[in-house]
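Here's the structure, in structure tokens; my notes come after.
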Amino acid sequence: MIEKALVKRTSKAYWAWIAFLAALFAVGFAAYIYQMVNGFHVTGMSRDISWGMYIGHLTFFVGVAAGGVMIVLPYYLHNVKEFGRITVVGEFLAIPAIIMALLFVVVDIGSPMKLLNVYLYYTPHSMLCWDATVLPIYLILNIIVGYNVLQAENKGVKYGKIVKALAVFSIPFAFSIHIVTAWLYAGLPSRHYFLTAMLPAKFLAGAFATGPALIILICFILNKLTGFDAGKTAIDRLATTVAYAYTATIFMVICEFFTAFYSNVPSHKAALQYLFAGYHGHDQFVPLMMVFLVLVVVTLVIMIPRQTRTNYKLLGFGCAAAFLSMYIEKGLTFVIGGLSETPFGTIAPYHVTVPEVLIIVGIFALGFLIASILFKLVVVVKKDMDLGAFPQEDRAALPMKYVAEYNKANGIVEEVKAPAAEAAPEEA
Amino acid sequence: MEMNRRKFLKLGTAAVAGLGVAAASSNPAVAAAVNGSYKESAGKRSDVTWGMVIDMKKMDEATLNRCVEACHKYHNVPNIDTQKDEVKWIWGETFEHLFLDEVHDKMGDKYKDMSFMTICNHCAEPVCVRVCPVKATFMNAQGVVGMDMHRCIGCRNCMAACPYGARSFNYKNPRLYLDEINPTYPTRMKGVVEKCNFCSERLAVGELPLCVEEAGGAIIFGDINDPNSAVSKAIADNFTLQRRTNLGTKPKVYYIV
């Protein structure tokens with residue numbers, strides 16, 4: 001079935017996009033080689049801030065992967081039929097997201113040739129060990145389930161019972177990947193920005209806003225490019241999920257501010273002061289956090305009232321703002337902010353370097369590349385089999401359209417003009 | 001529960017648990033503690049728990065520098081002078097930084113800026129050991145928190161976890177920053193974490209840690225389980241401080257102020 005993404009209904013623009021992403025990945029890979037040859041001093045990490053951008057991105061993309069469960073769970077457990085058309089989008093979104101998350105771990109490991117020691121000397125009292133356990137399992141489950149669901153659709157049959165059982169089985173794993181990632185931080189005794197029981201809940205709420213927001217954006221993009229229609233009720237339901245989950249996340253952010261500043265305990269305030277206002281003369285993240293605050297307001301204003309949320313132009317903005325704001329909060333500033341106050345009560349600055357950015361861009365490119373191929377596959381299969389998702393096409397006219405396409409490609413001129421020959425634009 | 005975990009954490013401590021060479025010791029305290037054979041002590045918690053008292057009344061800047069130099073030279077610690085990438089096992093830190101919970105606004109500069117010797121605390125409840133995904137950092141039978149730099153994958157979770165900033169990562173190739181190499185102690189490659197090991201390789205052959213030898217009485221070292229040891233008496237008879245005791249890590253380094 002995978003060949004459908006490679007040979008069927010491909011266009012020059014599609015291949016140009018794939019080539020562009022592959023080139024970006026190659027640049028990132030070259031930067032990684034540079035980092036491994038020269039050592040980690042080419043990154044912004046230091047003796048004081050031992051985890052930086054890479055682990056921040058790991059955290060964020062684990063969240064994106066877990067967010068897909070907001071489609072999978074209602075569909076498989078509560079039989080929410082509207083999601084039927086896009087469950088595979090949720091499952092396929094998790095695949096590139098986890099691959100990216102795992103790659104962000106790999107590029108962060110100082111001695112990657114010894115990486116398999118994690119399995120050789122399996123250490124359950126380490127949370128990193130649990131991350132290395134649940135992430136690959138969730139990845140494999142999503143590959144199996146997503147592929148089989150689409151394969152069944154491709155063959156015009158319903159997916160098997162085992163596939164459904166595995167889909168249900170993957171639901172607790174979606175939660176666990178993000179809980180374990182939160183516990184990676186929430187158990188460190190001297191890092192007060194991390195040391196809060198709120199963290200796993202905040203991470204999950206954030207993920208359940210980011211994942212569905214991204215899925216809505218993907219549906220909009222697929223609609224623009226291919227005419228794929230996710231269905232209005234599905235989009236509206238997802239938008240409601242984003243609204244609730246996002247509001248809950250912001251509530252928890254406010255709770256953190258309250259506890260830190262009402263209690264007035266200096267080490268509880270330090271990270272928030274450093275990020276939002278500057279502390280001990282270090283204020284490099286303040287502009288970014290101001291962007292975060294603006295995006296929070298934009299998201300809440302668009303996502304909470306029903307009138308704006310159901311306006312698809314505004315919804316697109318709202319989802320983009322939700323996604324970007326969580327990327328800033330969780331992906332870019334959470335880890336560095338938490339480690340910024342050193343064990344000596346001083347503030348250590350973090351300066352992102354060019355190799356670091358290139359490596360991150362390379363991993364993004366690979367993630368986008370995998371996502372493009374998978375979603376292309378989804379679109380092609382659905383276009384072939386499920387005409388419901390493409391209402392502008394006429395099933396009866398489809399054979400004639402193919403005949404016309406074939407004739408055109410082979411220079412055959414026929415008297416009778418096929419009805420759909422000049423309609424049905426190829427995807428850009 | 002506690003004993004179970006200790007037992008668990010002791011995997012991989014066999015090398016340091018070997019205590020068969022008492023005769024070579026020049027120090028009676030160490031010689032007295034070093035007894036029994038490898039077979040007897042392997043897999044068991046030793047009766048001995050090493051601890052250290054740093055007497056800041058006797059420790060001056062010159063002594064501290066001697067300790068730092070002796071340690072770093074012996075352990076092939078690279079000499080990198082940027083704060084971002086530096087590697088250090090033992091160094092001087094101000095009172096304000098070391099005892100940040102004890103400092104108040106009006107404290108005089110001469111007290112705030114007192115230079116204190118800083119090393120790994122060899123906690124009885126080490127966070128670094130808890131978070132390490134490969135048991136590359138472990139506690140040995142005498143309570144020393146050690147590092148297996150061959151096993152370390154360089155994930156730096158221990159550095160984020162350590163509340164004392166005791167750990168360094170080899171951001172640069174350390175072999176390029178060594179003036180001379182001590183062939184009796186291994187050098188490291190880039191991409192692994194390292195830290196003070198209480199000179200466990202010396203303790204194993206009945207010798208005192210280098211800083212203790214260099215300090216000439218300013219550092220007292222010995223078995224904190226033995227109430228008659230010099231170190232236990234120093235703790236009992238003096239007003240001592242420990243770093244960040246509120247975190248439950250139970251450090252084994254004490255400071256006489």
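The values are calculated or read from the model by the stated rules, or taken from the named source; none is laboratory data. For clarity, every value in this text was computed on a predicted model and none was experimentally measured. Neighbour counts run over all protein chains shown; Cβ positions are idealised from the backbone, glycine included. The area values use the complete protein model at the heavy-atom level, side chains included, leaving out ligands, DNA and RNA. Shrake-Rupley method; radii C 1.70, N 1.55, O 1.52, S 1.80 Å.
Residues in segment B:184-198 that are open to solvent by 10 Å² or more (accessible area, probe 1.4 Å) and more than 11 Å from chain A (Cβ to nearest Cβ): B:T184, B:Y185, B:P186, B:T187, B:C196, B:N197.
Screening the candidates A:A101, A:A152, A:A97 for the property of being more than 9 Å from chain B (Cβ to nearest Cβ) and in contact with a Lys or Arg (Cβ under 9 Å, 6 or more places away or on another chain) yields one hit, A:A152.
Would you confirm whether any residue within segment A:77-93 is part of a loop (DSSP other than H, G, I, E, B), under 19 Å from A:Y147 (Cα atoms) and among the β-branched types (V, I, T)? Checked against the condition, which is being part of a loop (DSSP other than H, G, I, E, B), under 19 Å from A:Y147 (Cα atoms) and among the β-branched types (V, I, T), segment A:77-93 yields at least one hit. Considering only segment A:278-297, I want to know if a residue exists there that is free of Cβ contacts under 8 Å to residues at least 12 places away in the same chain, in contact with a helix residue (DSSP H, G or I) (Cβ under 7 Å, 6 or more places away or on another chain) and of a type outside the set (A, V, I, L, M). For segment A:278-297, residues free of Cβ contacts under 8 Å to residues at least 12 places away in the same chain, in contact with a helix residue (DSSP H, G or I) (Cβ under 7 Å, 6 or more places away or on another chain) and of a type outside the set (A, V, I, L, M): present. Take B:K106 and tell me if it is over 18 Å from the mean Cα position of the chain (by Cα) and closer than 20 Å to B:V231 by Cβ. So B:K106 fails the test. Tell me, please, whether a residue that is within 22 Å of A:I304 (Cα to Cα) and either free of Cβ contacts under 8 Å to residues at least 60 places away in the same chain or among the polar types (S, T, N, Q) (or both) can be found in segment A:220-232. Within segment A:220-232, one or more residues are within 22 Å of A:I304 (Cα to Cα) and either free of Cβ contacts under 8 Å to residues at least 60 places away in the same chain or among the polar types (S, T, N, Q) (or both).
The number of residues in segment B:87-106 that are in a loop (DSSP other than H, G, I, E, B), within 26 Å of B:F169 (Cβ to Cβ) and β-branched (V, I, T) comes to 2. Here's a check for you: in segment B:58-102, which residue that is within 8 Å of chain A (Cβ to nearest Cβ) and in contact with a helix residue (DSSP H, G or I) (Cβ under 6 Å, 6 or more places away or on another chain) is most open to solvent (accessible area, probe 1.4 Å)? So the residue we want is B:E96.
When segment B:110-138 is limited to residues that are among the charged types (D, E, K, R), closer than 26 Å to B:V257 by Cα and in a helix (DSSP H, G or I), the one that is farthest from the other protein chains (Cβ to nearest Cβ) turns out to be B:K110.
There is no residue in segment A:216-227 that is of a type in the set (S, T, Y), open to solvent by 10 Å² or more (accessible area, probe 1.4 Å) and not in a helix (DSSP H, G or I).
Going residue by residue through segment A:12-26, is there one that turns out to be part of a helix (DSSP H, G or I), more than 14 Å from chain B (Cβ to nearest Cβ) and buried (at least 24 other Cβ atoms within 10 Å of the Cβ)? Within segment A:12-26 (the criterion being part of a helix (DSSP H, G or I), more than 14 Å from chain B (Cβ to nearest Cβ) and buried (at least 24 other Cβ atoms within 10 Å of the Cβ)), the answer is no, since none of the residues qualifies. Looking only at segment A:31-56, which residues are at the interface with chain B (Cβ under 9 Å from one of its Cβ atoms) and over 26 Å from the mean Cα position of the chain (by Cα)? Of everything in segment A:31-56, those that are at the interface with chain B (Cβ under 9 Å from one of its Cβ atoms) and over 26 Å from the mean Cα position of the chain (by Cα) turn out to be A:M36, A:N38, A:G39, A:F40, A:H41, A:V42, A:S46, A:R47, A:D48.
Annotation: B:I181 fulfils all but one of (1) more than 22 Å from B:W50 (Cα to Cα); (2) of a type outside the set (D, E, K, R); (3) within 14 Å of chain A (Cβ to nearest Cβ); the unmet one is (3). For beta carbons closer than 9 Å, sequence separation of 6+ or different chains, a first residue in segment B:233-257 that is farther than 18 Å from B:A166 by Cα and a second that is assigned to a helix (DSSP H, G or I) and aromatic (F, W, Y), the qualifying pairs are B:V257/B:F95.
Residues being touching a strand residue (DSSP E or B) at 6+ places or on another chain (Cβ under 8 Å), closer than 26 Å to B:V253 by Cα, outside any loop (DSSP other than H, G, I, E, B) and away from chain A (no Cβ under 14 Å) are represented in segment B:145-152 by at least one member.
Filtered by the rule that a residue be over 17 Å from A:A239 (Cα atoms) and either in contact with a strand residue (DSSP E or B) (Cβ under 8 Å, 6 or more places away or on another chain) or surrounded by fewer than 21 Cβ atoms within 10 Å (Cβ to Cβ) (or both), segment A:290-299 gives A:M290, A:V291, A:L293, A:V294. You will find that of B:L176, B:L203, B:L210, the residue that is farther than 28 Å from B:H97 by Cβ, at pLDDT 95 or above and either more than 8 Å from chain A (Cβ to nearest Cβ) or open to solvent by less than 20 Å² (accessible area, probe 1.4 Å) (or both) is B:L176 and no other. Looking across segment B:153-173 at every residue that is in a helix (DSSP H, G or I) and facing chain A (nearest Cβ under 7 Å), the one that is farthest from B:F138 (Cα to Cα) is identified as B:A160. When B:I181, B:I219, B:I256 are checked against the criterion of being farther than 20 Å from B:Q142 by Cα and open to solvent by less than 30 Å² (accessible area, probe 1.4 Å), B:I256 stands alone in meeting it.
Here A:N79 fulfils each of the conditions (1) open to solvent by 10 Å² or more (accessible area, probe 1.4 Å); (2) among the polar types (S, T, N, Q); (3) away from chain B (no Cβ under 13 Å); (4) at negative phi apart from (4).
Out of the residues in segment A:66-76 that are of a type outside the set (A, V, I, L, M) and open to solvent by 10 Å² or more (accessible area, probe 1.4 Å), which is farthest from A:L150 (Cα to Cα)? This residue is A:P74.
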